[in-house]
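This report refers to the structure that appears directly beneath it.
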Amino acid sequence: MRDASQIGNVTPGIAGVLGSYALFGVAVGALLAGSVGDIIGRRKVMLASYAWFSVGMALTALSASTREFGWMRFVTGIGIGSLVATTAALVAEYAPKDKKNLYIAICNGGIPLGSMLSAVLAIVLMEHIGWRGMFWIGAVPMVILLPLAYFKMPESVAWLAARGRLQEARALSARTGVDMPVATAQPSAPQSADKTGFAGLFSRHYLLPTLVLGCMSATGLLLVYSLNTWLPELMLRAGYNAKGSLSFLAVLNGGSLFGALAASRAADRFGPKPVVAASFATGAAALVVLTFNFHLAALLAIVAVVGLGTSGTQTLIYGFVANYYRTNVRAAGVAWCAGFGRIGGIGGPMLGSFLIGAGLELDYIFYILAGLGILGVMLTLLVPMSRSALAPPPQAGTLATRTTP
């Protein structure tokens with residue numbers, strides 16, 4: 001924004017649009033993954049995603065104009081979206097029954113952890129390697145994560161069994177210690193209630209919760225990306241220097257990481273719905289408190305709580321969704337949550353640029369964001385409490401995993 005020799009003149013409005021390009025890509029990638037993840041498997045989609053977003057990061061580092069930068073952010077987002085949409089499904093199918101929300105929170109905690117680390121790296125390295133160097137760091141998973149995942153990451157036992165690949169499922173079950181799904185007694189009966197992917201997701205059994213969960217995710221991501229994109233700039237305008245403003249971003253994501261891990265334990269004990277609602281409410285309250293005149297240490301503590309109520313809530317939502325659906329629509333469910341939710345993510349940077357461009361005072365911007373948190377509470381309360389009331393009873397000829405009511 002402050003050096004037109006980099007990729008051209010970047011105003012706050014252009015910056016908001018550029019921030020949204022990646023999220024358009026995430027939405028496309030998530031929905032594509034939902035279309036194929038329940039069909040070709042979790043592992044293949046995830047391996048392709050690692051390679052895709054790493055190459056996209058490298059190409060972004062080479063951008064010479066806002067046009068190139070925007071397109072490369074879109075391309076990179078496709079790989080990230082397909083990864084986010086598939087990972088929670090795989091983790092849900094490996095996690096112990098009484099710790100599913102915790103394990104998904106640990107896994108999806110990588111999202112705020114990455115955001116926190118990127119802010120820390122920017123504080124330490126930006127003046128030495130510039131923004132291009134930061135994107136080259138984003139390409140490192142190609143040579144570290146991809147080979148590790150290729151040799152060590154297994155397919156889902158539940159998915160193999162659901163696709164009728166029982167011999168492979170038994171072999172993988174024996175190797176990993178994950179139980180085989182429990183088959184019902186009459187393998188010859190029809191499987192009309194066992195639709196796969198988006199067809200099952202939008203069947204009459206899941207239509208209402210699918211729509212509400214999608215809107216929940218959109219609201220959560222509107223909050224997340226408004227803050228992740230614009231919090232450093234808001235703090236610059238509040239009088240903090242560049243490193244100080246980036247410190248707020250690091251604390252925001254640190255709070256979301258550790259807060260979500262703690263909240264996920266409560267979600268495993270009390271159910272995800274009340275915990276997600278409480279998390280949204282906590283974030284809204286913290287955003288209001290952020291407008292009070294506190295010293296720096298207290299402000300940082302409040303920002304950490306804001307992180308729990310925004311990015312941390314989104315982590316809890318992914319766990320909620322991954323455990324809400326049965327195996328053969330689970331990846332589609334998470335993909336819908338990540339993909340449709342990106343409408344909010346796309347709007348987040350734009351909302352921030354609009355509010356700043358309109359000349360609103362800092363306090364009023366935080367009040368508006370707090371209102372979004374209250375909307376998230378209301379949507380969460382609309383989700384049917386138990387998916388067992390919506391899911392069809394097991395049909396003969398289907399396989400029901402131990403995670404299905």
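Brief remarks on what is shown
- Label-point separation in nm, Ala51 to Tyr364, each point 7 Å along Cα→Cβ: 5.1 nm
- Residue exposure sequence - Tyr367, Tyr206 - by fewest surrounding Cβ within 10 Å: Tyr367, Tyr206
- Approximate shape of segment 272-392 as ellipsoid semi-axes (Cα gyration tensor, √5λ), whole Å, largest first: 31, 16, 12
- For the chain, the number of Lys pairs with C-alpha atoms closer than 18 Å, counting only pairs eight or more positions apart or on separate chains, is 4.
- Cα-projected label distance for Arg265 with Leu125, points at 7 Å along beta-carbon direction, nm: 3.3 nm
- When the square roots of the Cα gyration tensor eigenvalues are ordered a ≥ b ≥ c, the ratio a/c for segment 320-378 is 1.5 or more and a/b does not exceed b/c, which makes its shape oblate.
- Nearest-ten-degree value, helix 66-94 long axis tilted from longest Cα axis of the chain: 40 degrees
- Equivalent ellipsoid, segment 100-151 (semi-axes from 5 times Cα gyration tensor eigenvalues, Å): 25, 17, 6
- For segment 204-277: rounded, prolate or oblate by the Cα gyration tensor [a/c cutoff 1.5]: oblate
- Helix 272-289 vs. the chain, principal-axis angle (Cα, 0 to 90°, nearest 10): 10 degrees
- Per-residue ellipticity at 222 nm, computed for the chain from helices alone with -39500 (n - 2.57) per DSSP H run of at least four residues, works out to -25000 deg cm²/dmol.
- Remark on segment 191-335: hydrodynamic radius 16.4 angstrom, per the Kirkwood mean of 1/r across alpha carbon pairs.
- Taking Val178, Val306 and counting other C-beta atoms within 10 Å, the order from fewest to most: Val178, Val306
- Reciprocal mean inverse distance between Cα atoms of segment 1-128 - Kirkwood radius, Å: 16.1 Å
- Relative contact order of the chain, pairs being alpha-carbon contacts under 8 Å that are 6 or more residues apart, as %: 29 percent
We did not get these values from a lab; they are worked out from the coordinates using the rules stated. Treat the numbers as computed from the prediction; the structure is a model and nothing was measured. Positions of Cβ are generated from backbone atoms using ideal geometry, with glycine treated the same way; all protein chains shown enter the neighbour counts.
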